[in-house]
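The values are calculated or read from the model by the stated rules, or taken from the named source; none is laboratory data. All figures in this text were calculated on a predicted structure; none of them were measured in a lab. Backbone-built Cβ (ideal geometry, glycine too); neighbour counts: all protein chains shown.
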Amino acid sequence: MSFASSPWQRGPRASLRRPPSPSDIAAAPKLGTVEVWRLIADFHHPVHLHLSPFQVLSRGIGGPGAFDAGWKDTIDLRASEEAAIAIRFDGYPGKYVFHCQNLEHEDMAMMANFTTR
C-alpha cells in the first residue's frame, strides 16, 4: 500500500510495506484544514484512519462506489485499486496513525504516523 499526492493534492508520502519507526511522520496536516489523500493498494487493504472521518471522492478514474456515500473511518481497497479521500482535520493536536485492518497486516505493523498541529 502506498500513498501519493499530486500538485493539487496534499497528503502523506508513505508506504505501509515496512514496519514504521515511531519517529517517521508521513503527513503533518494543520487542524482546521481539508486535505485530499490518494491511496494506492498493491493488495487487498481495508485502510483505517484515526482522528478524523473522511469522504471518498473517487475510485480509479470513476466517482465514488455504491457503498462510499457518507462519512467513513475505513476504506476497503482491492488489489491495484486507487482512491482519493477528503479529510477535514479537526480535533486535537498530536500524533495519530493510519493502518491496514487485515489482521495479518496489523500483526506486521503495517501502519504510518501523521501529526496534527
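Among the residues making up segment 41-83, those that are aromatic (Phe, Trp, Tyr) and within 24 Å of residue 113 (Cα to Cα) are 43, 54, 71.
Criterion first (within 14 Å of residue 99 (Cα to Cα) and over 13 Å from the mean Cα position of the chain (by Cα)) does residue 48 satisfy it? The answer is no for residue 48.
Each residue in segment 64-117 was checked for being touching a His at 6+ places or on another chain (Cβ under 8 Å) and among the hydroxyl-bearing types (Ser, Thr, Tyr), and 2 of them qualify. Might you let me know whether segment 103-116 holds any residue that is surrounded by fewer than 17 Cβ atoms within 10 Å (Cβ to Cβ), in contact (Cβ under 8 Å) with a residue 40 or more places away in the chain and assigned to a strand (DSSP E or B)? Yes: segment 103-116 contains one or more residues that are surrounded by fewer than 17 Cβ atoms within 10 Å (Cβ to Cβ), in contact (Cβ under 8 Å) with a residue 40 or more places away in the chain and assigned to a strand (DSSP E or B). Scan segment 61-73 for residues that are in a loop (DSSP other than H, G, I, E, B) and at pLDDT 90 or above and the total you get is 8. Among the residues of segment 1-21, those that are at pLDDT 60 or above and out of contact with any strand residue (DSSP E or B) (no Cβ under 7 Å at 6 or more places or on another chain) comprise 19, 21. Looking across segment 51-70 at every residue that is farther than 12 Å from residue 81 by Cβ and hydrophobic (A, V, I, L, M, F, W, C), the one that is farthest from the chain's Cα centre (by Cα) is identified as 66.
Every residue in segment 48-60 that is of a type outside the set (Val, Ile, Thr) and in a strand (DSSP E or B), please. Walk me through how you get there before you give the answer.
Here is the first cut: in segment 48-60, the ones of a type outside the set (Val, Ile, Thr) are 48-55, 57-60.
Those that are of a type outside the set (Val, Ile, Thr) and in a strand (DSSP E or B): 48, 49, 54, 55, 57, 58, 59.
In segment 94-107, is there at least one residue being closer than 21 Å to residue 33 by Cβ and within 11 Å of the chain's Cα centre (by Cα)? Yes, because at least one residue in segment 94-107 is closer than 21 Å to residue 33 by Cβ and within 11 Å of the chain's Cα centre (by Cα).
Go through segment 40-57 and give me each residue that's under 23 Å from residue 90 (Cβ atoms) and of a type outside the set (A, V, I, L, M, F, W, C).
From segment 40-57, those under 23 Å from residue 90 (Cβ atoms) are 47-57; that's our starting set.
Result: 48, 50, 52, 53, 55.
If a residue must be farther than 20 Å from residue 27 by Cβ and either loosely packed, with under 13 Cβ neighbours inside 10 Å or modelled with pLDDT of 95 or more (or both), how many such residues does segment 79-96 contain? Residues in segment 79-96 being farther than 20 Å from residue 27 by Cβ and either loosely packed, with under 13 Cβ neighbours inside 10 Å or modelled with pLDDT of 95 or more (or both): 2 in total.
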